[in-house]
Structure formats: structure tokens, C-alpha cells
Amino acid sequence: MNKVSLEFTGAGIPVVTERTEAISTGFLVAVGTGSRDESKRIGGISHLLEHVLFRGTKNRTSLQIAKEMESAGGEMNAFTSKEVTAYYGITLKDTAKVAKDLVADICVSPLISEKDVEMEKKIVLQEISMWENDPESYIHKLFAETLWKGHELSNGEAGEADIVSALRSADLREYFDERYRNPNLAVIACGSVTPKDVMRWAEKNFDPASAGMKVMRKPPERTGSAYRFYPRKGDHTYTGMGFHAYPADHPDRSALRMLTAILGAGMSSRLFQRIREEQALVYSVFTTIDQNSDAGSMVTYMSSTEENVMTAINSAADVLREIRGEGLVKGELDRARNLLKGATVRRMESTRSRLHRMAMSFMVTGKAVPFTDDLDELDNVTEEDVMRVARDVIDAKKLNIAVYGKRTKEMSGLTIDQVDL
């Protein structure tokens, strides 16, 4: 059994349930605010607040929260993205009440004390440092800065260390009181759940709060091409090259996923075979998409030693140009389709993955659909669909490149015109 329902509490809060035969049960509260909704003065506040809420509530200390959840055989966690912050608890179905109680407690009654904020800042600042010292992850932030060119979508989820350091408990409390309210909330439950039970929980815990400030966003402009070089110490170089693409609810979203898989998902993909297997130019190469409520991107990421960077960039451009101009080869579409379907099915064997998928999907599209709809969409993608998307997205006039590596004359002096796309 796999049934998804969408209802609304008396106060208008969306409640999404996905009933499965899983032995575990998960409850999640999603807040429609993230790094793109932060001004420069409070950059990183969504992520810091996510951490602070686990520090304690009016009813429990952080240790009590941890002990109760683990005694119920469960886990409790949260995540922050560009548009969503979410908190969830997953337990055995027999101890589901613990997950509901704890998730509601931290989302409704957090202390957000000055002491807790100062303690958690120390942890978040270490996380920022760790992230900045992981170039394979940091290149994603640098490419976003290149692609979105000052728009709020270029904001990193963790924020900048100096801004996070200056945040105070009053800032976090004000942000919480404004954003963690209807109409920015949604409740998600997956596993051995019933809509009636989840609705009672949502209405009891989240309806009583006063209304908050609706988060308003400005869509980014789809500007032209750009190249930015970011210097770092070390011989290894990290590259992101890609394009503006489609938002999460675009009718060609599944065709875009298929194109992305053909280009750079798995060891049989074109980019992996050409750049790593045939030419040994890179250690890693893959293509990914990022889809938000009003914008998206398709990006290829590569890591290589400095002497291989330009050859790898040009080889990747060759692959992009070839697929746009020559089309697909026999069997390529079906191979990519099965790759994506298999990965989706395996992820959905996890209650945590189901919660994450449903939360992100609902918060950026406003639709609550089972993952089997994603599979059906993939089944309906044709070669013509993929080629239409390839011709639309892969465009030399829209190419953006970010390089994070040792400063060399070749790299710092590169221009987009030198890349033959």
C-alpha cells in the first residue's frame, strides 16, 4: 500500500501523509524559509536556528530530547536548503507518539536562549570551516555565486563566518516568530500513519500559533554567460560548468533529469566515459540538477590536477556540443531511464528519504504526489523530449564556469569565448 493524501487544518496548514507498510514512522515539519530568504545582515540564520532548536525547549533539555528519541528506537534531525528548513523524527511505529511529541516541542516551544545560541555558533562555525576546507563541496557554492550573480539563490546555506558570529538570540527569536508560523508551515508524515491521526496532531500543536509573515521571493533573471576564477592553495582544481535550467514544476523537468543522467550520472555516462575512462583527465566528473520553486540549473562538476583543467573543460564542452547536435545513440535513453528509476526506488525504501522527498517536492511545487508518479513521468519521456531540452538548455551564450584552484596565467586569464561549445 502506498497512498498519499493532502488535507488542511482548520488554520489552513497543509498536512501530507504517505501511508506505507513500513515498520518505521516519520513526522516532519517543513518551514518555507531558507538561505535565499535571508538578507545579508542575517545570512546563515536559517541554518543556525535549525541547530539551536535542538538545544532545548520549555519542556525538555537537549539531553532529554536525545534520550527520549533514542529510547524509542528513533532518530531526530533537520536540514536547511535554499527554500526550506525542516525538522523530523523517525521511530518504530509502536513508539510514534515520541516522534510526534518531540518534533512538535522543538518547533513550537524552543528556548533560543543567548547561552544556547553562543554554544551552537561554535559548532556551526566549525561546520562552515569544515565545508570551506572541502573543495569538492565548496565548488557548488562558488558556482552558485557565478550563476546567480548576486541574487539570493547564490546565498550559501551555512552563511559566512563573520555574519553568523554576529547573530544574537534576539535575531533568531524574531526570525522564528516571523517565519515559523502559518502560512509558511507544512506537516508531512510517512510510514504507518493515517491522515486522521496526523491531522489531529497538526491541529493541536500548530494551529494555535498566531499567523506569521509570508515569505516573499523575487525570481532571478536568466542572465548570460560568465567565468569566475577562485584561487586556492593546493595542486588539485575543482570546476563547475553549467547553465540555467528549469524550476521544479516545469513540464520538462523529467526530460531534464534524463538528459542529466545521460551526460553525467554513473560510470556509463558520456562525460565519465570520455573524460575519465578514455582520457584520464579527472578524478571525478558528474552532472546534477538543482530545482527551486522559480529557477533551476544543470551543472557538471569535475576535479583534476591543474595541468588537466583546460583539456577537461574543452572535452566536456565537446560532449555537450555533440549531444545537442547529434542526438542520442541506440539504447542510451532506456539505460538512463532505468538508472534513474532504480535509484529512485532504492531511495524510497527509506522512511527518511520519503520524508525528505515529500517535503522538498511539496514546498517547492505545492503538490503532494507519490514517487510512483515520478517513475511514470520518466517512462513517458521520449528522445524528442530530451533533444528539445538539450537544444534549449545547452547554449554557449548561457554557459557559466567557476574554477577553484591554483592561480595560473591560463586559469585566471580564461574567457568563455575560449571554450568551444
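Only the coordinates and a few stated rules stand behind these numbers; no lab work does. Bear in mind the structure is a predicted one, so any value in this text is a computation, not a measurement. Here the Cβ is made from the backbone with ideal geometry for all residues, glycine too, and neighbour counts use every protein chain on show.
Helix 169-179 and the longest principal axis of the Cα set of the chain meet at an angle near 90°. 3J(HN,Hα) couplings calculated from phi for the range 19-34 with the Karplus curve 6.51 cos²θ - 1.76 cosθ + 1.60 (θ = phi - 60°) are, in sequence order, 8, 9, 8, 5, 7, 9, 9, x, 10, 9, 10, 9, 10, x, 8, x Hz; Gly and Pro show x.
Note on Phe286 and Thr372: the extension gain reaches 28.4 nm, defined as 0.36 nm multiplied by sequence separation minus the Cα-Cα distance. Rg/Rh for the chain stands at 0.98; both radii use Cα atoms, and Rh follows the Kirkwood definition.
Were the residues from Glu221 through Thr415 laid out at 0.36 nm apart, the gain over their Cα-Cα distance would be 67.7 nm. Of Gly266, Gly159, Gly240, the residue with the greatest mean-square motion in the GNM of the chain, using alpha carbon springs below 10 Å, is Gly266. Under 5 Å between amide hydrogens, built in the peptide plane, is the criterion, and for Asn182 it picks out Gly212 among residues at least 5 positions away or on other chains.
Between the range 343-421 and the range 45-69, what's the alpha-carbon centroid distance in Å? Here the answer is 34 Å between Cα centres. Within a straight-line Cα-Cα reach of under 22 Å, Lys196 can be paired with the following lysines, leaving aside sequence neighbours fewer than 8 residues apart in one chain: Lys3, Lys93, Lys97, Lys100, Lys204, Lys367. Counting only lysines at least 8 places from Lys115 when in the same chain, those with an alpha carbon closer than 26 Å to its own are Lys40, Lys58, Lys67. Estimated at 0.36 nm per residue, the fully extended path between Leu92 and Ser113 surpasses their Cα-Cα distance by 4.4 nm.
Only lysines eight or more places from Lys398 in sequence, or on another chain, were considered; those with a Cα closer than 26 Å are Lys82, Lys141, Lys149, Lys218, Lys406, Lys409. A helix-only calculation puts the chain at -13000 deg cm²/dmol for mean residue ellipticity at 222 nm, using -39500 (n - 2.57) for each DSSP H run of at least four residues, averaged over all residues. Taking θ as phi - 60° and the Karplus parameters 6.51, -1.76 and 1.60, the scalar couplings of the range 311-321 work out to 5, 5, 4, 5, 5, 4, 4, 4, 5, 4, 5 Hz in sequence order, x denoting glycine and proline. Evaluated with a Cβ-only charge set (Lys, Arg +1; Asp, Glu -1), the chain carries a dipole of roughly 480 debye about its Cα centre, given to the nearest 20. Look at Cys190, Cys107 and count the other Cβ atoms within 10 Å of each Cβ; fewest to most, that gives Cys107, Cys190. The angle between the Cα long axis of helix 195-206 and the main principal axis of the chain comes to about 80°, on a 0 to 90 degree scale. Compared with the dominant Cα axis of the chain, that is its longest principal axis, helix 96-108 is turned about 80°. Our coupling estimate for the range 332-338, obtained by passing each phi through the Karplus curve with A = 6.51, B = -1.76, C = 1.60 and θ = phi - 60°, is 5, 5, 5, 5, 5, 4, 5 Hz, Gly and Pro reported as x. Amide H contacts under 5 Å for Phe8: Val15, restricted to partners 5 or more places along the chain or on a different chain, H placed in the peptide plane at 1.01 Å from N.
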